[in-house]
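The next block holds one structure in the form of structure tokens; read it before the comments.
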Amino acid sequence: MAFKGTIEIDRQRCKGCSVCIANCPMECIRLSKAVNSKGYRYAELANDACIGCASCATVCPDSVITVYRVKI
Amino acid sequence: MDSVTDIRKPENIVYRKPALLTDNIMHYCPGCSHGTVHKIIAEVIEEMGIQDRTIGISPVGCSVFAYNYIDIDWQEAAHGRAPALATAAKRLNPDKYVFTYQGDGDLASIGTAEIIHACSRGENIVVVFINNGIYGMTGGQMAPTTLLGMKTSTTPYGRDAKLNGFPLKITEMLAALDGTAFITRQAVHTAAAVRKTKNAIRKGFEYSMKDIGLSFIEVVSTCNSGWKLSPVEANKWMTEHMFEKYPLGDIKDVLK
Amino acid sequence: MTEKILLKGNEAIALSAIRNGVDGYFGYPITPQSEVMETLMKEKPWETTGMVVLQAESELSSINMVYGGACCGKKVMTSSSSPGISLMAEGISYIAGAELPCVIVDVMRGGPGLGTIQPSQSDYFQAVKGGGHGDYHCIVLAPASPQDMYDFVDWGFDLAFKYRNPVMILADGIIGQLMEKVEMHPVKPRRTDEEILRDAPWATVGKPASRARNVITSLSLDANTQEEFNRKLLVKYGKIKENEVKYIGYRTEDAEYLFVAFGCSARICEAATDMLREEGIKAGLLRPVTLYPFPEKEISRLAGQVKSMMSIELSLGQMVEDVRLAADGRCPVGFYGRQGGNIFTPEEIVSEFKKFNNIA
């Protein structure tokens, strides 16, 4: 069974620690070029390879990631 | 194939911030393990539906403000004394779930007597022990758990056994005490590790109602600011150095 | 009918705790007060009232157990003696800073350091002026008999909950060990969980959906918040001073000379007062029953009436500073004290009184 997923990141709460990036098996998260109101570059979706595995959100210390997933 | 906007519907959510975590932005540094452990404690309490029966005891250290983040009743203890508060809270309210949340300075240095005797008495509480080998809040001084050779602001040339003594493996010590029921050492650097730690915390909460003694969950953690590494580098350093001294896995489970 | 039995002061504390609905006692053995926990353990109140009794690993731990129990809105207490109270100073400061009710019994012995195990009153400063760090006060009650020990437990909890403030019963080795008949007042049951929620809505006993989470802490990093809190405490201490001062005057109506003494010293000064009266010297005694709040108004009033005052204490002179402050120069204030566990006799006090007042 295959999955298609996506993530939603609360940009203002993200501190850009990048632990999500290191834990993403699909290499689909990157740091933004822009900064948020605290001056942090935040995590953002880099491509559409996300499978909704939630590894990023599971390790996120600031709970800024919401994960969506559908079966395809 | 569904587009991203098609997928982003409430019914497709598979992971989100637990409702029991407040909206306060955590004061922790980027990548700090505290945030992850707070989150899984909130998840466990939420999933067990025990918010109205849970009492948390926060320590002195970076996590002194734990009470700002998990939406439960909290008591803020003096440095190292959380197990004493928890002892009374549990004995006076045996139907409540009582846990302490303590760092290595709090639990393994100034609070050594309190944790040892709470364990020895077999208090039916849960202890979550964050071991990052350093004093974070006061600016990165040596902790009892600091590894030999590790540089901190009070071991600027690296921890030297002759000068500073040896790192304390307090978790193994506590496992030797008859009053402990479940002792484990976990981490939160990968999704799999987070899930294991969460299961361990849940087991601890469940055991605390079985009248079998104290459950102790050590979480080997990073303090990337204190270690002077990026969060991702800190996780790598932890797996390469901390796990050798502090190996992960269950150490004791009286129901197994 | 009220039961009357022969009890040591320390035993009276223990039996009063059981009979007045105390929820928990946490202690550590130290002479001369170990009978408190021994009596509780012998009585096994957990089988009758459900009261928790626990021997902790140190005074540091026992006061922090009291802290944790008080956070839950429970009636919790501890007892110790001077060196143990020094160890508890940290916890007492936290309890005062978190505005929690509890009762702490200090059966004083001689110091400093390990000192003696005999009676002393040399922890007046520690008890009355704070003892731990920060701007705070315990309400301090000074019993002078086993009956007081019995009565002050319940009174102490009433004050502790009324003001959300730690209360210290400041006894000494004599009052702790002395045996006298004690009237055992009728039993007051432990409060139910519902009653605790009503009396202590701030208690941390699990957050229902109906209210915000309760957090008990003494931490505020913001300077203005901390100052606001300090001033709130000042207002509370003002109310305590206004409403709760208690003292007993003995032959003070027409007194020309006054003794000021608390606890066991007050008992001895009562005898000295009678001896002086028999000689035709109009002596009187003021016994502060509350040491904080201190009966400063009454002492001030009496300072305008008497020729002189003497503070009589088992110390090098501690309460005398408060007596002088209250007298404010309106009459001479003298001091006589013994230390190290030695106790003065009424004759000794009469003789020192005459020396101070130049009476042959």
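Just so it is clear, none of the values below were taken in a lab; they were calculated from the coordinates. Owing to the predicted nature of the structure, the values given are computational and were not obtained by experimental measurement. Every residue, glycine among them, receives a Cβ derived from its backbone with ideal geometry; neighbour counts consider all protein chains shown.
Distance between the modelled labels on C:LEU6 and C:HIS133, one decimal in nanometres: 4.9 nm (7 Å Cα→Cβ projection).
Candidate cross-link partners of C:LYS236 among the lysines, defined by an alpha-carbon separation under 27 Å and a same-chain spacing of 8 or more, comprise C:LYS74, C:LYS75, C:LYS129, C:LYS162, C:LYS246, C:LYS297. Near C:LYS129: Cβ cut-off under 13 Å, other residues only, Lys/Arg at +1 and Asp/Glu at -1. The net charge is -4. Less than 5 angstrom separates the built amide H of B:ILE251 from those of B:ILE183, B:THR184, B:ARG185, all sequence-distant by 5 or more or on a different chain. Mind checking the range A:3-72 for GluC sites (Glu not before Pro) that DSSP puts in a loop (not H, G, I, E or B) and that have at most 11 other Cβ atoms within 10 Å? Listed in order of number, the matching sites are A:GLU27. Placing unit charges on each Cβ (+1 for Lys and Arg, -1 for Asp and Glu) gives the range C:248-357 a dipole about its Cα centre, and among C:PHE262, C:ILE299, C:LEU316 the Cα reaching farthest toward its positive end belongs to C:ILE299.
Near B:THR22, the amide H atoms lying under 5 Å from its own belong to B:ILE70, B:ASP71; only residues 5 or more places off or on other chains count, and H is placed 1.01 Å from N.
The residues neighbouring B:THR138, those whose beta-carbon lies less than 15 Å from its own, together hold a net charge of -2 under the Lys/Arg +1, Asp/Glu -1 convention. Taking label positions 7 Å along the Cα-Cβ direction at both C:ARG330 and B:GLU11, the computed distance is 8.5 nm, reported to one decimal.
Give me the distance between the Cα centres of the range C:219-263 and the range B:142-165, rounded to whole Å. Between the Cα centre of the range C:219-263 and that of the range B:142-165, the gap is 49 Å. Here the 3J(HN,Hα) profile of the range C:68-77, calculated from phi with Karplus coefficients 6.51, -1.76 and 1.60 at θ = phi - 60°, is x, x, 5, 4, 8, x, 7, 7, 10, 8 Hz, Gly and Pro shown as x.
So which of B:LYS39/B:LYS162; B:LYS17/B:LYS196; C:LYS241/C:LYS354 end up more than 29 Å apart, counting from Cα to Cα? As for pairs spanning more than 29 Å Cα to Cα, those are B:LYS39/B:LYS162; C:LYS241/C:LYS354. Couplings 3J(HN,Hα) of the range C:330-340, computed from phi: 7, 8, x, 10, x, 9, 9, x, 10, 9, x Hz, in residue order, whole Hz [Karplus 6.51 cos²θ - 1.76 cosθ + 1.60, θ = phi - 60°; x for Gly and Pro]. Calculate the FRET efficiency for C:LYS162 and C:SER351 from the Cβ-Cβ distance with a Förster distance of 51 Å, rounded to the nearest 0.05. So the FRET efficiency works out to roughly 0.75.
Put simply, the amide H of A:ILE29, placed in the peptide plane, has neighbours under 5 Å in A:ALA46, leaving out anything fewer than 5 places away on its chain. Largest GNM mean-square fluctuation across C:SER220, C:SER79, C:SER311, computed for chain C with C-alpha springs under 10 Å, falls on C:SER220. With contributions of -39500 (n - 2.57) from each DSSP H run of at least four residues, the per-residue ellipticity at 222 nm computed over the protein assembly as shown stands at -10000 deg cm²/dmol. Classify chain B: rounded, prolate or oblate, from the alpha-carbon gyration tensor (a ≥ b ≥ c, eigenvalue square roots; a/c under 1.5 rounded; otherwise prolate if a/b is larger than b/c)? Taking the square roots of the gyration eigenvalues as a ≥ b ≥ c, chain B is oblate. How much net charge surrounds B:ILE217 when only other residues with a Cβ under 9 Å from its Cβ are counted (Lys, Arg +1; Asp, Glu -1)? Result for the neighbourhood of B:ILE217: +1.
The distance separating the Cα centre of the range C:305-347 from that of the range C:90-113 comes to 25 Å. Only lysines eight or more places from A:LYS33 in sequence, or on another chain, were considered; those with a Cα closer than 19 Å are A:LYS15.
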